[in-house]
Amino acid sequence: MIDTNKPRIEPLEPPYEPDTEVSLRKWMPPGSDIEPLRLFRTLMRHERLAGRMRPLGSGILGPSATVPPPLREVMIHRTSALTGAEYEWGVHAAAFGRPVGLSDEQLRSTVAGSSTDGCWDPEQSLVFELADQLHSTSTATDELWRELAAAFDTEQLIELLVTAGWYHVIAYVCNAAAVEPEPWGERFPA
C-alpha cells in the first residue's frame, strides 16, 4: 500500500537551474504558459534519462504522429485507466481528450466501460479493444489484428503498440513515484 498523500519522489520546484528550465520547457507544448507538469519535474530528477525519454513522448503526441489524435487519446485514456494512472488520465482528459472531441460518455467509458459501448465508432472501438488486449495479454488476437490491419496502415499499427507501451511506462512512474495530481487535471469519474 502506498501513501498517496505525498509523492515518493519530490518533483523539482522553481527556481530551476537555467539548463533544467530549458529542458523542462521542451517537455511542454510550444507557447505553454503553465508550470511544467509534476510528472516532467519528477522525471527531471534523472535529467539524462528524461532527455532520452522526451523524443518518444513528443513523437507520439506531436505533429509527426500518424495516428489521428482522437484515436491516440482513446489508447492513452484506456491504458491510463487500466493501469490506475489517474494522474495521466486526468492530464489527458483536460489537455487532450476533451479538446480533440472525446465526450463525457467516452471519457467515462475509458475508465468503466468497454469497447462495445455505443459511444465508440468502429475505429475507436478497435483501438479500445487493442488497449484491453495488450494490457491483459501483451498481444492481440488474430481476429482483432485482422480488423486492425484492415483499418490502419503499418506505421499506425506500430505507433498504437508503442503508445500503449509508453503509457504503461508513464503509469509505472506516476503510480510508483506517487506523482500528485495537477490542480487542473481531471479525476476518474465516480
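Scanning region 170-190 finds one or more residues that are assigned to a loop (DSSP other than H, G, I, E, B), small (Gly, Ala, Ser), open to solvent by 60 Å² or more (accessible area, probe 1.4 Å) and modelled with pLDDT under 95. A single member of Ala164, Ala150 is out of contact with any strand residue (DSSP E or B) (no Cβ under 7 Å at 6 or more places or on another chain), buried (at least 17 other Cβ atoms within 10 Å of the Cβ) and not in a loop (DSSP other than H, G, I, E, B), and it is Ala164. Annotation note: Cβ proximity below 8 Å between a residue of region 114-127 that is aromatic (Phe, Trp, Tyr) and a residue that is open to solvent by less than 30 Å² (accessible area, probe 1.4 Å) (sequence gap 6+ or interchain) occurs for Trp120/Val74; Trp120/Gln106; Trp120/Ser109; Trp120/Phe128. Residue count for region 1-52 satisfying the condition of being under 17 Å from Gly185 (Cβ atoms) and open to solvent by less than 90 Å² (accessible area, probe 1.4 Å): 16.
Please verify whether region 99-115 includes one or more residues that are open to solvent by 20 Å² or more (accessible area, probe 1.4 Å) and under 12 Å from the mean Cα position of the chain (by Cα). For region 99-115, residues open to solvent by 20 Å² or more (accessible area, probe 1.4 Å) and under 12 Å from the mean Cα position of the chain (by Cα): absent.
Yes/no matrix, rows are residues, columns are (1) in a loop (DSSP other than H, G, I, E, B); (2) touching a residue at least 12 places away in the same chain (Cβ under 8 Å); (3) touching a helix residue (DSSP H, G or I) at 6+ places or on another chain (Cβ under 8 Å):
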position: Pro7; (1), (2), (3): yes, yes, yes
position: Glu13; (1), (2), (3): yes, yes, yes
position: Arg52; (1), (2), (3): no, no, no
position: Gly57; (1), (2), (3): no, yes, yes
position: Pro63; (1), (2), (3): yes, no, no
position: Gly101; (1), (2), (3): yes, yes, yes
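Only a single criterion out of (1) open to solvent by less than 40 Å² (accessible area, probe 1.4 Å); (2) of a type outside the set (S, T, N, Q); (3) free of Cβ contacts under 8 Å to residues at least 12 places away in the same chain is not satisfied by Gly90, namely (3). Criterion first (among the basic types (Lys, Arg) and part of a helix (DSSP H, G or I)) does Arg45 satisfy it? Yes: the conditions hold for Arg45. Looking across region 153-190, the residues that are in contact (Cβ under 8 Å) with a residue 60 or more places away in the chain and more than 24 Å from Leu39 (Cα to Cα) come down to Asp153, Glu155, Gln156.
The values are calculated or read from the model by the stated rules, or taken from the named source; none is laboratory data. Quick caveat: nothing in here was measured; it's all calculated off a predicted structure. No Cβ is skipped: glycine too gets one built from the backbone with ideal geometry, and neighbour counts run over all protein chains shown. Heads up: the accessible areas ignore ligands, DNA and RNA and are worked out on the full protein's heavy atoms, side chains in. Shrake-Rupley method; radii C 1.70, N 1.55, O 1.52, S 1.80 Å.
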